[in-house]
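Nothing in this text is a laboratory measurement; each read-out follows from the coordinates by a stated rule. For clarity, every value in this text was computed on a predicted model and none was experimentally measured. Cβ atoms come from the backbone with ideal geometry, glycine included; neighbour counts cover every protein chain shown.
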């Protein structure tokens, strides 16, 4: 710069003045900008329930269609519901609502009521938001919303819809020893005296995911309103939501629930603690375990055993188990292992079989593919190291192989011959295993759990009963993912493929956002539309539905409204329905009747002037409702499962589960399928026996019905997966349809063999 062009020197006073302005700008402008940008977050309220009721004709038509079924075994009406529903009052649901993962925005409790009434046309449903995220204000708002939903239903003795209040106790441990899983807690009535003052949350890792953490690094979340300025309001609301959620103090320990402050977060570390708190509340409630085979967050090697111990299982409260949801099936037992242990108790990776490949083994094979030209011995060393690192990482094992794509993992961890299996299947939590295993803390009096079977959705967008039509994968399942490549990289980072596996230690686990710890991208191929719970109810009202749930006179379906009856037709108090118990001295005989679900018509029924406004129908139902025609699907077969619970610890569970024990093909009959069968071995074996049935419907397309959509070689091995991504890599309008045999699972019938009493000796 020449002397003539040099700037004039600044005087001392002018420099100081300008410096003060600059400093003030540095301090004040961000504050003003921060207030303008971040000051507008709003509380996520419960929304407003539409005050209308379904036309009487539509409600009466449901019962009339059932009454028209030939040879209907019972006069009781079958009612369909969903007892596992989340709204954006749950942290994970709120995260799914954000635009960066293709979310639709707020879906509060009022949406659940309107969807159940007008879209899925259910008879009943329950709110079960995660207790770990429910603030005292959200709990009270949820109760008010459920009451409004019931108020709109008309006469309580004959409502068009019954809404129950509940919460989910969501516990996750990092090892099998401290993992108990998730349970929904439901309450019969909704009055102030019928509900606890607070929901009861779990402790540990899941509390950080659902209650104490945002799921995103705070700086990332705070910067989103600037980066996504056109959608900034949703992110401002998210900041408010997380601030509210994390501000709730934990209730003091060791105090009776009635003496605790109203506005604290009540916690229970184990099921025994949960049952103790429910006992203190002394309310009419049910506790329903679910997700018992999910490997999404469940550590490898988990079994349900410790939950069969006295105190960890309450047979009065815990009378039902969820065998199917939008996360898949939790019914079937298999003998494969995802982890094993040597003589010293150290974890080892099991060898693969024709039907199962452990993911620890696949981790080694991925590393093997990266060996290049190194010596074979060094390559094998890396392979062995990878398998060990995968096992040590538990449910976060996928992080031990940096840069591995979904396709690299192929079908590892999956139950290839199960119906719609949950992701990374844990067979030691299956319903069949639970019924067979039992508890032998007192060897003279073994204790076996007796559950009724239900299904539900576990939907996280306030959409109860999404399985009525197979459409809208992102709205009607839990599928979610980055909206574009830029946001995927921001959320997940860029991981370079490493020639060696890495250690996933506690420091790394603690530093990552919770959604990074689970294999979110592979899981997306396994999310399905949800199931339904069906009850045989003596009337169409709250008490009749609840009584059927308590009596286990219930069954589950994979989403279709299949009609199912399963009865014991000889012996004491015959006919006796599904869910019943009896002592028998003769071989039992059973009857099954099933009728397929109605083929659906496109669009929605005409609800008339009182129906949901068109804008809300489009937003919630997305143009499709439960809209049955006159034709029923075919029931192709009835399968009977027989389980003989263990009498001693020497018995092997796999030898006691007969699946299927009997298979009976059904004729093509629009009236449905009726079969009878007898167990001719009951008296001979002389032991406790459990029976339940599956009614299988003709194949139809289903969302994610073919999961990984594998191309297979001549051996049937998956050589080229075509995963159904939750993010932009699979178009949002691609429902990933695959053929699927929808089905219904009856609750079991439980029979104890009792020998005939000896005749009395003659009098002398």
Worksheet entry | segment 138-206: relative contact order as a whole-number percent, Cα under 8 Å and 6+ apart | 30
Worksheet item: How big is the C-alpha Rg of segment 272-322 next to the rule-of-thumb value 2.2 N^0.38 Å, as a ratio?
Response: 1.26
Discussion item. Could you tell me the relative contact order of the chain? Use alpha-carbon pairs under 8 Å, at least six residues apart, and round to a whole percent.
Written reply: 14
Discussion item. So for each of 401-407, 327-333, 128-134 I average, over its residues, the number of other beta carbons within 10 Å; can you give me the resulting order with the highest mean first?
Written reply: 128-134, 327-333, 401-407
Worksheet entry | Computed lengthening from residue 346 to residue 368, 0.36 nm per intervening residue step minus Cα-Cα distance | 5.6 nm
Worksheet item: Can you tell me the Rg and the Dmax, both Å, for the Cα atoms in the chain?
Response: 28.1, 141
Worksheet, complete the sentence: In whole angstrom, the spacing between the Cα centers of segment 150-170 and segment 425-493 equals 23
Discussion item. If each residue of separation counts as 0.36 nm, what is the full-extension length gain between residue 444 and residue 269 once their alpha-carbon separation is subtracted?
Written reply: 60.0 nm
Discussion item. As an exercise, use a Förster radius of 45 Å and the Cβ-Cβ distance of residue 316 and residue 405 to find the FRET efficiency, rounded to the nearest 0.05.
Written reply: 0.40
Item to complete: Grab the Cα-Cα distance for residue 178 and residue 614, subtract it from 0.36 nm times how many residues apart they are, and report the gain in nm with one decimal.
Response: 152.1 nm
Item to complete: Output the Kirkwood hydrodynamic radius of segment 103-164, Cα pairs only, in Å rounded to one decimal.
Response: 12.3
Worksheet item: When the helices in the chain are scored as -39500 (n - 2.57) per DSSP H run of 4 or longer and the sum is shared across all residues, what 222 nm value do you end up with, to the nearest 500 deg cm²/dmol?
Response: -7000 deg cm²/dmol
Item to complete: Round to the nearest 10 and give me the degree value, 0 to 90, for the angle of helix 56-67's Cα axis relative to the longest principal axis of the chain.
Response: 40
Worksheet item: Pairing the Cα long axis of helix 376-392 with the longest principal axis of the chain, what angle in degrees results, from 0 to 90 and rounded to the nearest 10?
Response: 80
Worksheet item: Cα-based Rg of segment 469-587 per 2.2 N^0.38 Å, rounded to two decimals?
Response: 1.79
Worksheet item: Once you sort the root eigenvalues of the Cα gyration tensor of segment 293-409 as a ≥ b ≥ c, which label holds: rounded (a/c under 1.5), prolate (a/b larger than b/c) or oblate (the other case)?
Response: prolate
Worksheet item: In percent, what relative contact order does segment 327-385 have, based on Cα pairs under 8 Å that are 6 or more apart in sequence?
Response: 22
Worksheet item: Using r as the Cβ-Cβ distance of residue 669 and residue 649, and R0 as 51 Å, what FRET efficiency do you calculate, to the nearest 0.05?
Response: 0.65
Practice prompt. Find the Rg to Rh ratio for segment 346-476, where Rh is the Kirkwood radius over alpha-carbon pairs and Rg uses the same atoms.
Written response: 1.09
Practice prompt. Please work out the FRET efficiency for the pair residue 354 and residue 606, using the Cβ-Cβ distance as r and a Förster radius of 56 Å; give the result to the nearest 0.05.
Written response: 0.55
Worksheet item: Which angle between 0 and 90 degrees, to the nearest 10, do you get for helix 218-227 versus the longest principal axis of the chain when only C-alpha atoms count?
Response: 70
Item to complete: Could you tell me which of rounded, prolate or oblate describes segment 591-700, using a ≥ b ≥ c as the square roots of the eigenvalues of the alpha-carbon gyration tensor, with rounded for a/c under 1.5 and, failing that, prolate when a/b is larger than b/c and oblate otherwise?
Response: prolate
